1. Would you grab the residues whose amide H sits under 5 Å from the one on Phe122? Only those 5+ places off in sequence or on another chain, please, with H modelled 1.01 Å from N.
2. Evaluate the distance, in nm, between pseudo-label points positioned 7 Å from the Cα of Arg183 and of Lys398 along their respective Cα→Cβ axes.
3. First measure r as the distance between the Cβ atoms of Phe20 and Lys93, then evaluate 1/(1 + (r/R0)^6) with R0 = 30 Å and state the FRET efficiency to the nearest 0.05.
4. Where nothing but the Cβ of Lys and Arg (+1) and of Asp and Glu (-1) is charged, how large is the charge dipole of the range 340-453 around its Cα centre, in debye to the nearest 20?
5. Work out the FRET efficiency for Asp7 and Glu207 from their Cβ-Cβ distance, taking R0 = 60 Å, and round it to the nearest 0.05.
6. Could you tell me which GluC sites (Glu not before Pro) in the range 253-323 are loop residues by DSSP with no more than 12 other beta carbons within 10 angstrom of their beta carbon?
7. Take the Cα of Ala242, step 7 Å along the line toward its Cβ, and report every residue of the range 79-111 whose backbone nitrogen sits under 16 Å from that point.
8. For the range 298-429, compute the number of Lys pairs whose alpha carbons are separated by less than 21 Å, excluding pairs fewer than 8 positions apart on the same chain.
Amino acid sequence: MVATTMDQLVSLCKRRGFIFQNADIYGGMQGVYDYGPLGVELKNNLKAAWWRSMVYERDDVEGLDAAILTNRKVLKYSGHEDTFSDPMTDCRKCKGRFRADHIKDGKCPNCGSTDLTEPRPFNLMFKTQVGPVESDENLAYLRPETAQAIFTQFKNVVDSTSRKLPFGIAQIGKSFRNEITPRNFIFRVREFEQAELEFFVNPGEDEKWHEHWKEARVQWWEEQGLPREHINIYKTPDADLAHYAKACYDIEYQFPHGMEELEGIANRRDYDLGNHTKNQEEFQLEAHCHENKDSTTKLAIMDDNNKWIIPFVVEPSMGVDRGVLAVLTEAYTEEDLGEGNSRIVLKLKKHLAPIKVAVIPLKKNNEQIMAKCHEIKNNLLKLGIGRVALENTGNIGKAYRRHDEVGTPLCVTVDFETIEQQPETVTIRDRDTMEQHRVAVADLPRYLKEYFL
Ligand code: ATP
């Protein structure tokens, strides 16, 4: 059981600059959050770890960064215009609106009334206008998932890279859903980031790859610091599958508010490429596709027998914000140090830590010590280990406390001994053990490279 509460996380995130309510000074906007100075680093590090494992460490995946504004036809043929809705129920008493699947025992989750409307569909997509004239023709959407642009760019990617099956296209970016009940901090929000891989395979090999990605993704989450016992794999019953899916696993994590979806791994079969394809009748599509009168292209690929086929696709799709919430939940620790003392420490994996090394002067505003701090910081930056921060707060105890709370794995302290004695040495303090030892300044690059890389 994870003991961390949402209140502890929300408070730490605001106090230390990880996550703020959007438009806070105007009372906030529901379901929209901004990442602060340390949140942006943590989120970038999580995305970099994903990109590294999905793109750089593989020889069969290419990247993409497509637009958020989405042509209406894309979401018409993907099925989102017709089906991307949650059935909603209104409470006639308190006027609250809730997802029908969140109503338990026929009672309003807010006031307990049983005077509820029948569930009605509610489309989750944000509409906007492209160009100055407001008309139906100029209607566009903010994408509700990053996946569709991967499908519509499939042919361009294949033609420009000469890829053969199996291969994947990876993308990280913002998605928008007008969620009815945004809740649980950054867990369910209206503007969020997804990291999605569309992995295209020969029909018939889809089930094998679906299993592969389920295992690979659980392992990746473990590498981000989530222990296996806090993860659950939920297989969606056939009746609850999304309109495009043949099968789906949810990787669930024990969030402070309960075991909930962190990442979905769907077998989308040939549904999307098929739907966006011209002359579908040429292909033996297993999926039921909309007839497409607008597409100019066949989203197909030549198989080993020189036959054009529409690949099946397996999609690991992670919510980046939910990932940030999960690693924070896991890392948050309150430690009793005895004699009435305690500390909060964020035991993030070192590759995720927003600040890798804090360089701290023992005495504030001492010119010689500060000059040495600057020199050390600039040298450490060259190692490419990530952010190295220079402190000048003057109170060493407070600086250690602050860096424990934001998860900085190592603090390097420069004191009088550093500048007065040869060879020059500094104190290195470890976040988790709080142990300190002296290291020669000349040895720092080797020491830190070994530690971080
Ligand atoms: P849920 O059932 O929780 O609404 P979903 O099944 O609709 O999620 P998918 O469409 O599979 O979600 O999207 C893939 C991933 O995107 C999810 O696993 C989740 O991590 C993330 N995600 C989806 N909706 C949101 C949201 N409103 N806020 C934050 N992350 C989201």
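1. Under 5 Å from the amide H of Phe122: Asp86, Met88.
2. Placing both labels 7 Å beyond Cα along the Cβ direction yields 4.0 nm.
3. Calculated transfer efficiency: 0.30.
4. 500 debye
5. Rounded to the nearest 0.05, the efficiency is 0.90.
6. Passing sites in the range 253-323 are Glu291.
7. Within reach of a label on Ala242, which here means backbone N under 16 Å from a point 7 Å along Cα→Cβ, the range 79-111 contributes 79-87.
8. The number of close lysine pairs in the range 298-429 is 18.
Every number here is computed from the coordinates shown, using simple stated rules; none is lab data. Source: prediction; values computed, not measured. Cβ sites come from the backbone with ideal geometry, for glycine too, and all protein chains shown count toward neighbours.
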